[in-house]
Every structure is written in C-alpha cells, then in structure tokens.
Amino acid sequence: MTSLFLSVPIFVLLLLAVVGAVVLLYLLRPPVLNRLISSNLIWKRVLGSSRAISERWRWWLSLLLALLITTCLFFSALRPSVDGEVDSRVLIILDNSPSMGALTQSGASRYDIAKIAVSRLLDSFSKDVEVMLVDTQRQITSPDFDSIAQNQIRLEELTIGSNLEPIVPSHVAELALTRKFIYTDGVMIGGVPDDFTIVSVFQPAPNVGITRLSFASVPGDINVREAFIEIMNGGGSPQLVDLELVQSEARVLKRRIQLGPYEKSTQIFNASKLLSGPVKASVYSSEDLFKFDDVAYGYITTKSPIKVGIVSDATDSKAFTLLSLMPRISLTALTLAEYEEIDLNKLNFDTLVFDGVTPANKPTVPSMIFGITSSNWVNVKTSPIRSSQIIVDKNLTHPILKNVAMTDLSVEGGVVFEVTEGVETLLNSEAEGVLAIAIPGAIKNILVGFDLKKTNLPYLLDFPILLSNSIKWLVDEPPVMTVNSGVIQVPGDVTKVFRIDGTDMPLWFANGNAYFYSGEAGLFTAFTRNGPLRVSVSQLDRRFSDINGSQLKKFDPSLDSTNSGFRGYSFTLVIGIMALLLLMLEWFFYHRRITQ
Amino acid sequence: MSTLLSQEFMRRLDGISLLLQKSVAGHLRGQHRSKRTGIGMIFSDYRPYTAGDDVRNLDWATYMRLDRLVLRMFEEEADTPIYILIDNSQSMGNLEADKFETAKKFAAVLAYVGLLNHDRVSLISFSDGVVKEMPGRRGKNQMWRAMHFLDSLKNEGQTNLENTFRNFFGSGRTRGLVFVLSDFLIDQRLADSFRPVSQFGHEIFGVHIISPEEENPSFDGQVVLVDSETHEAINVNLTGSALETYRAEFKKHLTDTERFFKRSGWGYTSIRTNVDFEASVLTSLKKEGIFR
C-alpha cells in the first residue's frame with residue numbers, strides 16, 4: 001500500500017476548507033417554511049406509503065455516503081494503517097543510487113521527491129516510534145534504530161551516490177518488522193521482498209549519456225590518434241545529440257548525431273590535432289533530464305619518438321641490435337669513455353641503456369644498466385652471485401615484466417641486491433638473492449645484476465618485450481587510470497591528489513592503498529614516487545545511462561511536492577474534493593430524505 | 001347572549017324537533033317515545049289489571065263486553081339525554097380556528113334544539129379526556145348557560161377519543177343521543193376509540209368538521225410541517241405528486257370515517273368550515289334524519 005501523508009499546515013488548510021464549506025452550505029441552505037398544521041397524521045401516512053422503499057434506499061445511500069466521506073477524510077488526512085500488528089519500529093530504505101538523480105517533469109529529481117516523502121513519513125510518526133534509515137550507497141555505514149529527529153538529520157546528510165550496485169545489508173532487509181518502506185525508482189535496485197511497502201518515484205526521463213571514451217594511436221603511425229566515444233540514448237524517444245570533445249578553445253571536435261530510442265552509437269574522431277593532456281567530452285540534448293553522464297574526461301598520454309643512448313664497450317651488444325629495430329626509438333651508441341666526456345644535455349637523451357658498463361656517476365636521465373658493478377652512486381647494497389646456475393623468480397605484476405615469461409633463464413655471474421625501502425624487485429633467486437631491481441622516482445633506474453654476456457637472456461624470445469617494457473617504464477607516463485565516480489583507490493605511495501582545477505583532494509589510507517572521493521566526473525592527478533598518475537573519473541557505464549529500466553511503472557504524483565502551490569498534493573486534494581462533493585451530496589439527500 | 005347563533009337563525013330552529021331512531025330511556029316527561037309505558041298519547045298494549053294500577057287507564061268498554069278488568073297501556077313520552085361532545089384539542093384550533101368555531105356553532109344548534117325539545121342536554125369538551133362538562137340541562141331557559149359554556153372553551157391537548165369515552169361514559173350515563181364533533185384526526189382506530197361508548201347502546205352521531213385548508217393544502221415546496229398537538233416536525237418537499245397523494249389520502253380519511261359510522265349503524269355528517277353554516281347544518285341534519 002502506498003502511504004499518503006499531509007504536512008501539518010496542509011492538513012490544517014484542508015480542515016479549514018472542509019469546515020468553511022460546511023458552514024457555507026449551511027448558510028446557503030434553501031429557506032424552509034414552517035407550517036403549523038392541525039395534524040401531520042395524514043402526511044405521515046402519505047409519506048409512509050410513498051417512501052417505504054425509497055426511504056430505505058435513501059437511508060442506505062446516506063450511510064454509504066457518510067462512510068465514503070469518512071474514508072476520504074481519513075485517507076486525505078492520515079496515513080492508512082498497515083495491515084497486521086503495528087510495530088513501534090520502522091525500517092525506511094532510501095535508494096540514493098545514481099539513477100535517482102534523473103529529473104522529473106516537475107523539475108525536481110527523483111531523489112529530491114523521495115527525500116521529501118521520507119521526511120514527511122518521519123514527521124507522520126509519533127515520537128515513540130524508532131526508525132532505522134538505510135541508504136543503498138552505504139553512506140550510513142552502521143544503520144540502527146533511532147529517534148525521528150536523529151533520522152531527519154541523517155536524511156539531510158544523505159546524497160546521491162555513484163555506486164552502480166546498490167547494497168542493502170541482508171540483515172537489515174530481513175528484519176522482522178511490520179512496517180518496512182523503500183523509496184526507489186526501481187532502476188538499479190534489485191528485487192524487493194514482498195513485505196516492503198514500495199514507494200515508487202519512477203518517472204520516465206529522456207537521457208543521453210557517454211558510456212565509453214578512449215584514445216588510441218593508429219598502429220604504424222604514432223602521430224595519428226583517434227578518439228572513440230560511445231553514446232547511448234537511454235530514453236524512449238529519438239534524440240538529436242550534440243557531441244563535443246574539447247581540449248582548449250582552439251582544439252575542439254564537434255559532431256551532431258541522431259539517436260533512436262534506446263540506441264547506442266560509437267563515434268570515432270580523428271583526434272590527431274589534440275595534444276597530450278586532458279580532454280573533456282560532453283553530449284548535449286535539449287530534452288536530457290539526467291546530467292550525470294553527460295560529461296566524461298580522458299587524458300592523452302605522450303606517444304612521441306624516444307631518444308635512447310646505449311653505452312657499451314662491446315662491439316656486439318645484443319641490446320643495441322634490438323633497440324635499433326624498435327620504431328619509436330632513435331638510438332645513439334656510445335662507449336663509456338665517450339659517455340663520460342660528452343655533454344649529455346646537448347644530446348638530450350630521453351633514456352640511457354648501459355650494457356655491461358657502469359657509469360661513474362648517477363645518470364641524469366632515466367637509465368637501465370645491465371651488469372652493474374658496485375659503485376658509489378648506486379644506492380643499493382650488492383653482493384656477488386656465488387653459484388653459476390640459479391633459478392629465477394619473476395615479479396610478473398611489475399609493468400616491466402608484463403608479458404615477459406623468461407622461461408629457462410639462467411645467470412652465470414654478477415651481483416645481487418639487498419632490497420631496501422622504495423626499491424621494487426624484478427628478478428629474485430631464492431638461493432642467491434635479488435638479481436634485478438627497479439628504482440622509481442623522478443629519475444627512474446633499472447638495475448640488472450648480471451651482464452648480458454653472462455646470461456641466456458638475450459637469446460630468449462621475450463627479451464625484446466623486456467627491453468620495450470623497460471624503455472616505456474623509464475620514459476612514458478604511466479597509463480591513465482579510468483575509474484567510475486565514487487570512492488577511488490590509488491596506489492598507496494600517492495602523496496597528493498589534485499583536481500584539474502587545483503583542488504587538493506582529501507586522502508585516506510587503508511590496507512596499503514590510498515583513497516579519495518569524487519562524486520562527479522573529473523580529471524585528477526595523483527602524485528606518486530613514479531611520477532604523476534592521471535586519474536580520469538567518469539560515469540562510463542551503460543548502467544549509468546539506462547535510467548528508464550525500472551520494473552516499477554507507476555509514479556505517485558502526490559509525492560512530488562517540490563512544486564509550489566497545491567500541485568504536489570494533487571492526489572490528496574482530489575480525495576479532499578471528493579470528500580467535499582460527497583458531503584454536498586449527503587447534504588442534498590438529507591434535505592430530500594423525507595420527500596416524494 | 002353569545003354571538004354563536006344569530007337571532008334569526010335561532011328563530012328558524014324554533015320549529016325543529018329532534019328525531020331519534022331508538023326509543024329513549026329518559027326518566028322525565030319529554031317528547032320522545034320511551035320504552036316505558038305510562039301517560040302518553042300512543043297506545044301500546046293491554047294487560048290485566050292488578051291492584052294498585054291507575055284506574056284511569058282501565059278499558060271500560062272491554063270490561064263491559066268481557067267482564068274482565070283490562071288496563072290500557074300507552075307509550076310514555078320521555079325526555080332524552082343529549083350528550084354533545086366537542087373536540088377542543090389543538091388540532092381543532094390554531095391556524096384553522098374556523099374548525100373549532102364551526103364545532104361550537106354546531107354544538108349550539110344541537111343544544112338549542114335539544115333544549116327546545118325538553119331534552120337533557122349535556123355539553124362536554126374533550127381532548128385527551130374530558131376537559132370540561134356542562135351537566136345535563138333542560139328547558140329553553142338554559143340556553144344561555146350552554147352558550148356561556150361554549151364561549152368559555154379553549155383549544156388544548158391532544159385528541160384521545162377512547163380515553164374521553166372511558167372517562168365520561170364509564171360512570172354510568174343514561175342511554176341517549178351522543179353527538180361527537182371532531183375532525184377525527186386521531187392516531188387510533190375509530191373502532192377502538194368508540195368501543196367504550198358503543199357497548200352502552202347510545203345513539204351516536206358523528207359530526208366531522210373539515211377545514212378546506214386541510215383538504216386542499218395551499219402550500220408547496222420545501223416545508224416543515226409542525227403538528228399542532230404533538231409539535232412533531234416533518235421536513236417535506238411538496239411536489240405536485242405529493243400533494244395529489246395527500247388529497248387522495250385525506251379523501252380516504254373522510255370516506256373511512258363515514259364508512260365507520262354508517263357500518264356501526266350510527267349517524268354521520270360532515271361540515272366544511274367554508275360553506276354557509278346555517279344552510280349547511282340544517283340541510284345535513286335533516287338529510288340524516290336528526291331534525292324534522
């Protein structure tokens with residue numbers, strides 16, 4: 001049963017209207033002529049014979065009208081009683097999942113309507129009633145039964161969440177109560193148990209949203225870049241959509257497309273003119289009533305040619321041979337002596353690879369060193385490999401070893417590292433120790449404890465992949481982290497997170513990770529030891545845009561009280577007017593009762 | 001003298017005498033046939049002479065022929081008690097005051113004629129019982145007393161005929177002529193109401209006083225009808241059909257009342273308040289055989 005409520009002022013207004021109408025009816029009653037007659041004996045006989053049947057009908061009709069009036073007044077003024085034993089404890093679940101942000105025809109969101117309805121429901125309870133208010137986004141982390149006033153405060157603090165999978169704890173949903181209410185649009189929430197009173201705030205709303213956004217270079221030509229955008233029409237009417245990709249005033253891509261009802265469309269833009277950096281994608285439709293998914297952010301990372309310097313005294317450097325074959329790499333070979341003598345700033349290397357030699361000083365650019373020997377600048381403790389044949393364990397979670405198997409790797413000599421804090425292990429031998437490490441930071445380093453001549457690594461099939469991964473890790477920015485809005489998890493070494501407008505986002509740490517919250521789309525930069533990490537927060541999911549997939553097809557307009565005037569109370573008003581009409585009818589019958 | 005009857009009308013009444021269907025049971029000498037035998041003009045029978053009989057009534061001719069003393073008997077002319085009961089309940093007065101006035105005039109006519117005929121005339125006003133009584137009077141010179149009694153009557157109470165008859169006739173009244181002047185608007189059945197009086201063998205005559213306003217109401221629409229006796233109010237919407245039904249019901253009331261009196265072997269007449277009283281009363285009573 002749908003609950004109906006009246007706020008105190010409206011109830012008083014309605015009461016005054018009813019009283020006023022009754023008084024008016026009394027004043028406007030037709031004048032009745034009093035006639036003194038000898039005896040009404042004959043009249044009684046006349047009326048008794050003529051109205052024997054009709055009077056009985058009138059009596060029943062009058063009784064029926066009186067009952068209807070009472071019922072109407074009861075329904076318009078009070079909350080209908082719930083069948084069964086009335087509990088002094090009430091459970092109210094408020095759905096604050098993202099789809100509740102859709103606007104209704106009145107201009108208020110589904111969530112606003114639900115929130116006001118819950119507030120009114122709370123007001124309608126007596127003071128001794130205890131209420132447990134639960135939201136589906138777990139903003140109320142530990143729901144419990146509490147006073148009406150406390151729940152009003154909690155209700156006020158609730159906002160629309162961004163979790164696509166609304167959760168109501170099972171122990172809450174299964175509470176043995178006679179009065180359990182849920183206010184929802186029925187879009188994202190799953191099945192509701194039968195013992196809940198469902199108050200639907202669902203109203204179909206036109207919506208066009210971005211469900212996917214990505215940027216990719218064209219294979220074979222790193223200078224050509226494409227943007228992929230998927231747009232979804234979540235409403236039942238065709239929409240004319242303006243799609244826009246903006247990087248700056250000068251770098252804008254626009255397109256206008258027509259989308260049919262519930263149609264999805266993938267649009268591909270030539271985004272070559274966009275530079276490395278943030279991109280804002282937005283869609284606009286005149287009838288759109290759900291703005292949550294209209295904007296998405298992306299980040300174009302650097303994909304320019306890499307200048308690599310390889311430093312080796314060997315004439316048959318396997319590393320040189322492989323690096324020279326990579327298309328992005330512009331390779332320059334140096335001996336250690338040349339490296340020590342020349343001005344590196346002039347050559348402007350992006351990274352350096354040392355093959356079997358160790359520079360005297362720490363390189364000023366990111367570098368990878370094979371066969372490092374103990375050196376003053378190496379800020380790790382090393383010790384020589386004692387055995388000739390070792391079994392290596394690989395840290396396959398590290399981006400350097402991504403897609404690298406290195407099966408049957410053998411190492412015949414070199415040094416092992418004593419890992420300290422801030423150093424990432426790449427290759428490890430249980431018998432000997434750590435063979436290769438990665439040192440993150442502003443200037444990254446990859447240190448390998450063995451020389452390529454003392455290992456079969458160059459002959460393994462995945463050695464090129466290892467080299468490529470290493471160069472990327474050293475030079476490229478980390479990949480953009482694309483997440484949905486809400487609580488966002490970033491690596492635990494993040495020290496600061498800034499929004500694109502410079503706002504410092506509050507961070508909290510738990511279980512070795514850092515977290516920050518964003519309820520809306522945006523672009524963030526998280527600073528880690530490895531450098532900046534771009535975090536793109538968007539609502540890129542079809543479930544966000546599918547705001548009309550509700551199993552609840554009814555919407556009670558009386559819940560929409562956000563409009564001014566009496567429109568919000570239309571249903572209650574209808575009942576009130578019906579009561580008045582019935583009252584007038586009853587009045588008419590009262591005066592016509594003893595008539596022909 | 002009261003203004004109930006005009007001098008001229010009273011002069012017209014001087015030549016009228018009362019006719020009774022039954023022989024009367026009066027004790028005093030009057031002008032009506034009596035079951036008693038005695039001094040009178042109408043021969044009744046013979047019977048053997050016994051000692052102590054009035055020798056003036058011996059039939060000497062028979063004695064001469066048969067040598068037996070035979071006494072001639074004559075019907076004794078006696079007076080008759082006339083009980084004129086006037087309904088002075090509220091229903092007879094109020095807006096339709098003519099009804100009560102008509103009843104009083106009718107009673108005055110009856111009383112005058114009765115007194116002229118040397119009958120013992122009693123005037124009784126009643127509503128839910130006997131309200132006021134003028135004990136039996138004889139002789140024309142008692143007319144002023146009757147008029148004074150009638151003038152002193154006021155409308156009060158509700159009509160209860162049964163109670164009235166029980167009160168009045170319960171104390172053993174001589175059989176006579178009973179006039180009941182009323183509108184007969186009573187809740188009880190007439191048979192039940194008249195049962196206390198019917199068993200005493202009185203000759204009863206009902207005079208139904210009818211108001212034309214009652215017979216044909218002049219109002220319609222939304223009206224609250226207030227009963228003058230019970231003050232009970234009825235809220236009615238008088239449509240044309242309702243009035244038609246009322247007229248039919250009132251006519252039925254008149255018919256039923258007349259039928260009751262006739263079926264009981266009693267006299268009945270009705271008089272409307274809007275007709276010429278003097279002509280109407282004489283015509284109706286002569287028609288019913290009361291006046292000659």
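Out of everything in the range B:210-229 that is among the acidic types (Asp, Glu) and outside any helix (DSSP H, G or I), what residue ends up being nearest to the other protein chains (Cβ to nearest Cβ)?
B:Asp227
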Exercise. Scan the range B:176-198 for residues that are surrounded by fewer than 18 Cβ atoms within 10 Å (Cβ to Cβ) and either free of Cβ contacts under 8 Å to residues at least 40 places away in the same chain or assigned to a loop (DSSP other than H, G, I, E, B) (or both) and report the count.
Key: 5
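Do we have A:Val448 as touching a strand residue (DSSP E or B) at 6+ places or on another chain (Cβ under 7 Å) and either surrounded by fewer than 23 Cβ atoms within 10 Å (Cβ to Cβ) or at pLDDT below 85 (or both) here? Quick ask: steps written out before the conclusion?
On the way: touching a strand residue (DSSP E or B) at 6+ places or on another chain (Cβ under 7 Å): yes; either surrounded by fewer than 23 Cβ atoms within 10 Å (Cβ to Cβ) or at pLDDT below 85 (or both): no.
So A:Val448 fails the test.
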Practice problem: Identify all residues within the range A:307-327 that are within 21 Å of A:Asp462 (Cβ to Cβ), part of a loop (DSSP other than H, G, I, E, B) and charged (D, E, K, R); write none if there are none. | Solution: A:Asp316
Quiz item: If only one of A:Ser304, A:Ser330 is in a strand (DSSP E or B), of a type outside the set (A, V, I, L, M) and out of contact with any His (no Cβ under 7 Å at 6 or more places or on another chain), which one is it?
Solution: A:Ser330
Quiz prompt | Checking B:Asp256 against (1) of a type outside the set (Phe, Trp, Tyr); (2) outside any helix (DSSP H, G or I); (3) within 14 Å of another protein chain (Cβ to nearest Cβ), the condition it does not meet | solution = (2)
Self-check item: When residues of the range A:460-510 are limited to those that are assigned to a strand (DSSP E or B) and of a type in the set (Lys, Arg), the one nearest to A:Phe320 (Cα to Cα)
Solution: A:Lys496
Practice problem: Say whether the condition of being outside any loop (DSSP other than H, G, I, E, B), without any contact (Cβ under 8 Å) to a residue 24 or more places away in the chain and more than 7 Å from chain A (Cβ to nearest Cβ) is met by at least one residue in the range B:230-239. | Solution: yes
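Do you know which residues across the range B:114-132 are part of a helix (DSSP H, G or I), surrounded by fewer than 24 Cβ atoms within 10 Å (Cβ to Cβ) and touching a residue at least 60 places away in the same chain (Cβ under 8 Å)?
Of the residues in the range B:114-132, the ones part of a helix (DSSP H, G or I) are B:114-116.
Going one step further and asking which of them are surrounded by fewer than 24 Cβ atoms within 10 Å (Cβ to Cβ), we end up with B:115-116.
Correct list: B:Leu116 only.
Kindly indicate which of B:Gly136, B:Gly93 is of a type in the set (Gly, Ala, Ser) and over 21 Å from B:Ile210 (Cα atoms). Spell out the reasoning first.
On the way: B:Gly93 fails: over 21 Å from B:Ile210 (Cα atoms).
That would be B:Gly136, the only listed residue that is of a type in the set (Gly, Ala, Ser) and over 21 Å from B:Ile210 (Cα atoms).
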Practice problem: Check the range A:527-545 and report whether any residue there is among the charged types (D, E, K, R), at pLDDT 85 or above and under 23 Å from A:Lys291 (Cα atoms). | Solution: no
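Given the criterion among the aromatic types (Phe, Trp, Tyr), within 12 Å of chain A (Cβ to nearest Cβ) and within 27 Å of the chain's Cα centre (by Cα), identify the matching residue among B:Phe184, B:Phe194, B:Phe169, B:Phe165. If you could, list the steps in order and put the result at the bottom.
Details: B:Phe194 fails: within 12 Å of chain A (Cβ to nearest Cβ); B:Phe169 fails: within 12 Å of chain A (Cβ to nearest Cβ); B:Phe165 fails: within 12 Å of chain A (Cβ to nearest Cβ).
None of the other options fit; the residue is B:Phe184.
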Exercise. Quick one: count up the residues across the range A:405-426 that are hydroxyl-bearing (Ser, Thr, Tyr) and either closer than 20 Å to A:Trp473 by Cα or more than 45 Å from the chain's Cα centre (by Cα) (or both).
Key: 2
Quiz item: Is it fair to say B:Gly201 is surrounded by fewer than 17 Cβ atoms within 10 Å (Cβ to Cβ), farther than 27 Å from B:Lys286 by Cα and not polar (S, T, N, Q)?
Solution: no
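Can you find a residue that is closer than 30 Å to A:Asp185 by Cα, buried (at least 21 other Cβ atoms within 10 Å of the Cβ) and not assigned by TED's automatic domain parsing to the domain that holds A:Ile372 anywhere in the range A:223-231? Working first, answer last.
So the first thing to find is which residues in the range A:223-231 are closer than 30 Å to A:Asp185 by Cα, and the list is A:229-231.
Retained after the next criterion (residues that are buried (at least 21 other Cβ atoms within 10 Å of the Cβ)): A:229, A:231.
Right, trim to not assigned by TED's automatic domain parsing to the domain that holds A:Ile372 and you get A:229, A:231.
Yes, that holds for at least one residue.
The values are calculated or read from the model by the stated rules, or taken from the named source; none is laboratory data. No experiment lies behind these values; they were computed from the predicted model shown. With ideal geometry, Cβ positions are generated from the backbone for all residues, glycine too; neighbour counts draw on all protein chains shown.
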